[in-house]
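Note sheet for the following structure.
The values are calculated or read from the model by the stated rules, or taken from the named source; none is laboratory data. Given the structure is predicted, the values throughout are model-derived calculations rather than measurements. Cβ coordinates were reconstructed from backbone atoms using ideal geometry, including for glycine residues, and neighbour counts include every protein chain displayed. Side chains included, ligands, DNA and RNA excluded: accessible areas come from the protein's heavy atoms. Shrake-Rupley method; radii C 1.70, N 1.55, O 1.52, S 1.80 Å.
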Amino acid sequence: MAELVHLTIDGRPVEAAPGTLVIDAAKKLGIEIPAFCYYEGLSLQAACRMCLVEVERAPKLLTACTLPVAEGMVVRTATPAVAQARKSMLELLLTNHPLDCPVCDKGGECELQDMAFRYGVGESRFAETKVHVPEKQFSPVVFFDAPRCILCYRCVRICNEGLGVNALGVVNRGAVSEIAPNRGDHLECDECGACIDICPVGALTSGIYRYHARPWEMEHVGTICTFCSNGCKTTLGVRGNRILRGNNRDRSGVNGEFLCIKGRYAFDFLHHPERLQSPLVRSGGELRPVSWVQALGAVAERFLEARARGGRIGVVGSNRTTNEENYFLQKFARQGLGTGSIDHRRTGDVPALLSALAGRGDALATVADLYTTKAALVVASDLAQQHPLFAFQLRANWRHHHARVYTVTRGPVREDQYSVQALRVPPGGELEAVESLAPALRKEPELVILFGGGIRGAAVQRLVAFGDSLGIPVKYVCLVDYSNSRGAFDMGLAPELLPGYQPAPNPGLTLAEMLAAPDLDVLWVVGANPLREASLAAEKAFVVVQDLFLTETAARADVVLPAASAYEKAGTVTNTCGEVQRLRPALKVMGVKSDLEIFGLLARAMRLELGGARPEPVFEEIRANVPGYGVPAAVLATGGAAQTCPAAAPEIPPRPDLVRPASDTLFTSGTLGRYSKVLSSVLEFPGELYKGAGE
Amino acid sequence: MPYNDPSPLEVRILTRRFGLPDSASLDTYLAHDGFQGFERALKLKPEEIIEEVKLSHLRGRGGAGFPAGLKWSFVPRSSPKPKYIVANADESEPGTCKDRLLMEYDPHQLLEGMLIAALAVDAHAGYIYIRGEYRYLIEILDRAIEEARARGYLGRNILGSGFDFEVYTHTGAGAYECGEESALLESLEGKRGVPRIRPPFPAVAGAFGCPTVLNNVETFCAVPYILREGGAAFAALGTPKNGGTRLFCLSGHVNRPGVYELPMGFNLLRMIHEVGGGVWKGKKLKAVIPGGSSCPVLKAGECDLPMDYDSLARAGSMLGSGGVVVMDEDTCMVKVALRIMRFYAHESCGWCIPCREGTMWLRKLLQRFHDGGGTRADIGLIGDVAKSMLGRTFCPLGDAAAMPTISFVEKFREEFEAHLDGRPCPCERAGEAVAV
Amino acid sequence: MTFSPDLEARFARLLESYPPGRRRSALIPMLMYAQDEVGAVTGEVVEEVARRCGVTPLQVDEVVSYYSMLHRQPQGKYHVQVCTNISCLLRGGDKLYEQASRKLGIGHKETTADGRFSLEEVECIGACSWAPAIQVNYDFHHDMTPEKLDKLLASLEKIQ
Ligand SMILES: Cc1cc2nc3c(=O)[nH]c(=O)nc-3n(C[C@H](O)[C@H](O)[C@H](O)COP(=O)(O)O)c2cc1C
Ligand code: SF4
Ligand code: FES
């Protein structure tokens, strides 16, 4: 660690690491130096000139955003000259600005408004005509209003540097310079909306949120995105029991302010017109709405009856329900229904990794590790498509710390742009390719290996053995697909696994076996849609489905119970790194119940003694009973992410045959994704970029 | 003599081969001391070459007047990175048309200057960045480069010395800002001509992120003489700290406009009257822009001064790029100020707020003012807006726009007042705004 | 897209002028030379040059729209550029521009219906000491007068 540099800012001494910029050093003292273009983590611009400060012995004002601290430097930020410079910068900025704050989405949280209020002058001396350019729609979600733009280039940088998408640029020059999209009049991009959120003014607005609300009218609920397994925190703006927007501007959570299109916009499935809001029971061949009492009664009666006569009962859990729900469900199945036939759609071989690691909890990487590790190896996954946060983290790591990234994938992936080595191999050839990298990897000080669902069973063991052979610290991430795929395994939604990867004494049928068993009596499907791709052999089976929509599976059901989504309930989920985070309900949807509540009611109707069915006590039970889940409660309570470290018992039988990755893209997400209008509206861009190429 | 007749008052050092038959050919060049500077440089250590240039008091001819030898000495010779030589042939400062002649009539002099610089800093490749409008010069320079290569003055193992140096031409595409050194380098790298954050300066991180000597064409062209005749000889031609001669581009309302090579410190009034034959049509002198459009204007009464960097700085203006624009008594100063601001508004790269918005505002304000729609408060506002740009922009283009504007308002306030109260401008037209 | 053998040869030389891995440097010269041959920086030229220089079409567009000599639309066969910057202005450049505009019946950045002429009021072209000056395509015409301009336009009108 180099010696600290000492300087004074506004007469107050401060020390900072060499290379620190004056604007950041001032922040340490609580001195705000205003800036539009300076943005932590992105390249320096010095374009807005808001951050000019006086530096002793410098003939003119200098930009604090590009000025590294120096020993003995004397900086002044509160002099008349600085105040005057800020005033005139704002006056100049506002000359061409339309000043349409009353109808601007950004009003109330606009940095230009705030700065004008704090540092500006009241009146304008500009009496000329303003440049007017009509508003443009760049994509279904991105709108651009050029006159409001102050050309801070944040959007261009987040897109090009942050995401590596290169979809935004600047055209023309001088006062008519303008932000432009990559396809002439429109964007072909990830539609992540980062450009919109990072815009300090209302120049970029979202097609989802624009003209819907003023920021102060909304309640802001921080919860976890329900789509992929990366576990981004998303802050939902809610007004009148409707979610109007998602973002994470407060940078809490594992993702900082990163979100992909799903986390930022795809909450709209909630309000889809086909959302189920009443239980349905089949009578006369048709599903008809009934009351909850009737529906639950019907289910309880059939469940009791099946259990009583020793019938075959199959239970299918979900990749998106909470840990509490998953835990309760397996308990319900095993203890309440007496069946060992419980499973979920497996998207990655987590048990194989955990058993290969044999209890080495410190070999499990966190999302934060991806930003700090010196080297990473991506095997059989198209991160930018399927694990967008991880792609972002690795890219930021490369940008900021020159991380060395290796990829072994089927086709080209975006990480190639900066990988030190990118190997192309057909599925099945990955391990050999990985092993060919040994000489290079051995020279790395440390490594994180991320592998997709294509690597399973013995291949996972071989991969871990390879990692061990490198002689450097190696951590792993087994990539799974959905928001709580990891939690489904952790909580024992598998016939061979009890919660915490303990061997199940009486393993029942797997999901495929349940569907294939001609004599199945009951099939209970919670938040899954197995009949989308398979059929149910047992024609007479009594099928109960808990879901948001009338999916292919629900359409076959005898009873359908309308369930609440992740945005409507409390509980916890575990991301693919094994980090647990808490959900917070953002709103209520009439007529639906959370899965946990449904389990509780059913248990009561069946007079089962399964314990309280509320998230908190169930989570306490998990903390107490599930190996690896003894996480500090305070971390979760304060909205943090707590790393779990489960260890799989060695005698767990490997089941690589059951792993079926979903191969979703940025714009799809299983059955749920189909109900998001936003996601389906961007499918018009089937560019090369968006063909899953990882596995 | 090309374009204009020489003046007997000229001291022709850089232009001495102008007018010779086939002056652009290597043979002519060699017959008139060509490459002797380089041959002498070959016998010197790199530090000694730089010392010679320092001794010459050669100051950059591109506008800022930075001592050339000092600039070269900033290049870390020991850096493992390749080093580059870049000649700034963007010549876009209104009022300036000298580099063009140096390249047209004596391209080998430029090549030799670059070669000596290369030797001094251990560079092996050089680029001549030529404004797009000077297409014909690319053909001339490419031919000269070919010729020099063929005869061993460029390329591998130059004159058996073991030293390699290649020169390439590179065309611009119409952007004044690409004359600014860091914007030029961006343009050389295939990007928009937006300047870079400095430091680092080009000497440390220039072309392709490598140490680079970047000088104006005329600056390089002075180097062969300095190495041949010695830095002291060059210095002696000018005034203290302002070595040598320089090419002045006399334009506007004079009888004999033209490019003249005169010693540094030549008196401006004498230049106008004795070299340029006086103000045309027997009119009186009103004002002079002494060094290209970026320089504050001088009133007639301020023009009795030596043309060197320091004297002009004392007079509140600049020697700039050597563009001396003479204006007669009938010239409308509001019109000139407007035309200059139209230029800067058109050429602002748009990167930073004060330049982008300030030039646009001033252009509109001056246009309205010129068209008779101005108020008394507007006169103060013009100066205020210009001052709010001054010293605060990302690159000096903002200053280049602000400084002359402030000078026009301060020095010719009465002409601005004459435009008030809807009175039509005494002159007819300053042109509609060029669509930016 | 293919270019003439001469241009291809020029491109090949260009690409060799820059250090390894720096082919983006050839972007602006390539665009200029391609424009001279094709008549404009068409969408096709943008795509092709982007490919050859290893950048995205948007990055090419950013550049094209920045530089005033690069045009997305074809100019006239004779692109008449009248300088009206100070040195030329002081010696009647603005009048020449008006005269050219009247004669050709077109304004700034317009092209005649027959595609023969286009007109542009340009910034300083580096001919200040021989002002007023005009450039037709890449050819300079110095010390212009109204009579010389008339003659020039008439002679261009006649060329087949
Ligand atoms: C807006 C602007 C335009 C410039 N244009 C030119 C130019 O056309 N030619 C030139 O040689 N220098 C120009 N310069 C100066 C260069 O930035 C640089 O200082 C110069 O080329 C260095 O060479 P010198 O030290 O030999 O003068 C310009 C500077 C600015 C700020
Ligand atoms: S990366 Fe995954 S968790 Fe994050 S917002 Fe996107 S879909 Fe949601
Ligand atoms: S923040 Fe420093 S110039 Fe914009």
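Rounded, prolate or oblate for the stretch A:5-93? Axes are the square roots of the Cα gyration tensor eigenvalues, ordered a ≥ b ≥ c, and the cut-off for rounded is a/c under 1.5. The shape class here is oblate. Estimate the FRET efficiency between B:D5 and B:L70 by the formula 1/(1 + (r/R0)^6), using the beta-carbon distance for r and 25 Å for R0, to the nearest 0.05. Efficiency for this residue pair is about 0.10.
Hey, any idea what % of the stretch C:5-66's accessible area is carbon plus sulfur with a 1.4 Å probe? About 48 percent, which is the carbon plus sulfur part of the accessible surface. Taken across both chains, chains B and C shield about 4700 Å² of accessible surface from a 1.4 Å probe.
For the stretch B:26-236, the dipole from Cβ point charges (+1 on Lys and Arg, -1 on Asp and Glu) about the Cα centre works out to 560 debye, to the nearest 20. Who wins for biggest fluctuation among B:P224, B:P80, B:P46 in a Gaussian network model of chain B, springs between alpha carbons below 10 Å? Among B:P224, B:P80, B:P46, the largest mean-square fluctuation in the Gaussian network model of chain B belongs to B:P80. Residue pairs exceeding 21 angstrom between C-alpha atoms, taken from B:K71/B:K241; C:K95/C:K158; C:K77/C:K103; B:K45/B:K83; B:K98/C:K77; A:K60/B:K241: C:K95/C:K158; B:K98/C:K77; A:K60/B:K241. Put simply, when A:491-501, A:507-517 are sorted by average Cβ atoms within 10 angstrom per residue, most first, you get A:491-501, A:507-517. Backbone phi angles across the stretch B:150-162, fed through the Karplus curve with coefficients 6.51, -1.76 and 1.60 (θ = phi - 60°), yield HN-Hα couplings of 4, 9, x, 8, 9, x, 7, 6, 4, 6, x, 7, x Hz in residue order; Gly and Pro are listed as x.
Taking every alpha-carbon pair under 8 Å whose residues sit at least 6 apart, the stretch B:26-236 reaches a relative contact order of 33 percent. Within the shell of other residues whose beta carbon sits under 13 angstrom from the beta carbon of A:R251, the net charge comes to -2, with Lys and Arg scored +1 and Asp and Glu -1.
Per residue of B:381-391, other chain Cβ atoms within 10 Å of the residue Cβ number 3 on average.
Taking only DSSP H segments of four or more residues, each worth -39500 (n - 2.57), what value at 222 nm results for chain B once the sum is divided by all its residues, to the nearest 500 deg cm²/dmol? Please list the in-between numbers first.
On the way: 16 runs with 167 residues, N = 436.
Value at 222 nm, helices only, nearest 500: -11500 deg cm²/dmol.
With q set to 0.06, 0.09 Å⁻¹, the log10 of I(q)/I(0) for the protein assembly as shown, from the Debye formula over equal scatterers at the Cα positions, is -0.63, -1.13. For the stretch C:78-158, the relative contact order comes to 36 percent (Cα pairs under 8 Å, sequence separation of at least 6). Across peptide A:160-169, the average count of Cβ atoms from other chains found within 10 Å of a residue's Cβ is 2. For the stretch B:158-246, the solvent-accessible area works out to 24 Å² per residue, with a probe of 1.4 Å and every protein chain left in place.
Both radii are taken from the alpha-carbon atoms of the stretch A:410-461; with Rh as the Kirkwood radius, Rg/Rh is 0.94.
Across the stretch A:129-271, C-alpha contacts under 8 Å between residues 6 or more apart give a mean separation that, scaled by the residue count, equals a relative contact order of 19 percent.
Highest-first packing order for the peptide set C:69-75, A:353-359 is A:353-359, C:69-75, based on the mean count of other beta carbon atoms within 10 Å. Converting phi to 3J(HN,Hα) with the Karplus coefficients 6.51, -1.76 and 1.60 and the offset θ = phi - 60°, the stretch A:265-279 yields 10, 7, 5, 5, 4, 3, 9, 4, x, 8, 4, 6, 10, 8, x Hz in sequence order, with x at every glycine or proline. Note that chain A carries a Kirkwood radius of 27.1 Å, evaluated over its alpha carbons pair by pair. Considering chain C at the alpha-carbon level, its Rg and Dmax are found to be 17.6, 52 Å. Given the DSSP H assignment, sum -39500 (n - 2.57) over each helix run of at least 4 residues in chain A and divide by its residue total; what's the result at 222 nm in deg cm²/dmol, nearest 500? Mean residue ellipticity, 222 nm, calculated: -7000 deg cm²/dmol. Whole-percent P(r), chain B, all Cα pairs, 10 Å bins from 0: 5, 22, 31, 25, 13, 4, 1, 0. Highest mobility in the GNM of chain C, judged by mean-square fluctuation with C-alpha springs under 10 Å and restricted to C:D94, C:D114, C:D143, is found for C:D114. Output the 0 to 90 degree angle, nearest 10, between the alpha-carbon long axis of helix A:458-469 and the longest principal axis computed from the alpha carbons of chain A. For A:458-469 against chain A, the angle is about 50 degrees. Other protein chain C-beta atoms within 10 Å of residue C-beta, averaged over B:245-251: 3. Between the residues B:I382, A:G256, A:M606, the greatest Cα displacement towards the positive end of the dipole of the protein assembly as shown, with unit charges on the Cβ of Lys, Arg, Asp and Glu, is found for A:M606.
Please report, in cubic angstrom per residue, the volume enclosed by the convex hull of the alpha-carbon atoms of the stretch B:1-97. Each step should come with its number before you reach the end.
Values: hull volume 15.8 nm³, N = 97.
Hull volume normalised by residue count: 163 Å³.
The residues of the stretch C:114-132 occluded by other protein chains by 20 Å² or more of accessible area, set against the chain on its own, are C:E121, C:E123, C:C124, C:I125, C:G126, C:C128, C:S129, C:W130; surface from heavy atoms, 1.4 Å probe.
Taking amide H as placed 1.01 Å from N in the peptide plane, A:I224 has its amide H under 5 Å from the amide H of A:T234, A:R584, each at least 5 places away in sequence or on another chain. Remark: the stretch B:245-328 is approximated by an ellipsoid whose semi-axes, taken from the C-alpha gyration tensor as √(5λ), come to 17, 14, 11 Å, largest first. Give a quick list of trypsin sites (Lys or Arg not before Pro) in the stretch A:1-107 that DSSP marks as loop, anything other than H, G, I, E or B, with at most 13 other Cβ atoms within 10 Å. Within the stretch A:1-107, the qualifying trypsin sites (Lys or Arg not before Pro) (loop, at most 13 other Cβ atoms within 10 Å) are A:R57, A:K60.
Each of B:F220, B:Y176, B:Y3 was placed along the dipole of chain B (beta-carbon charges, centred on the mean Cα), and the one lying farthest toward the positive end is B:Y176.
For A:E109 and A:A17, the difference between the fully extended length at 0.36 nm per residue and the C-alpha to C-alpha distance is 29.9 nm. Each residue of the stretch B:40-48 is assigned a 3J(HN,Hα), and the resulting list reads 5, 4, 4, 8, 9, 7, x, 4, 6 Hz, derived from the Karplus form 6.51 cos²θ - 1.76 cosθ + 1.60 (θ = phi - 60°), x at Gly and Pro.
Counting only the Cα atoms, the stretch C:78-158 fills a convex hull of 73 Å³ per residue. Distant-in-sequence amide contacts of B:D328, defined by a placed amide H-H separation under 5 Å and a gap of 5 or more residues or a different chain, comprise B:H253, B:K286.
Count Lys and Arg as plus one, Asp and Glu as minus one, and take only other residues whose Cβ is under 15 Å from that of B:D33; the net charge is then 0.
If you wrap the Cα atoms of the stretch A:196-302 in a convex hull and average its projected area over all directions, you get 9.8 nm². Label-to-label distance for B:R143 and C:I159 is 1.9 nm, based on points extended 7 Å past Cα in the beta-carbon direction. In this structure the amide hydrogen of C:H79, modeled in the peptide plane, comes within under 5 Å of the amide hydrogens of C:S118, C:N137, none closer than 5 places in sequence on its chain.
Which shape class, rounded, prolate or oblate, goes with the stretch B:26-236 when its Cα gyration tensor gives a ≥ b ≥ c as root eigenvalues, a/c under 1.5 marks rounded, and past that a/b bigger than b/c marks prolate? Judged from the Cα gyration tensor, the stretch B:26-236 comes out rounded (a/c under 1.5).
A protection proxy built from the mean count of other Cβ atoms within 10 Å ranks the segments A:663-674, B:340-351, most packed first, as B:340-351, A:663-674.
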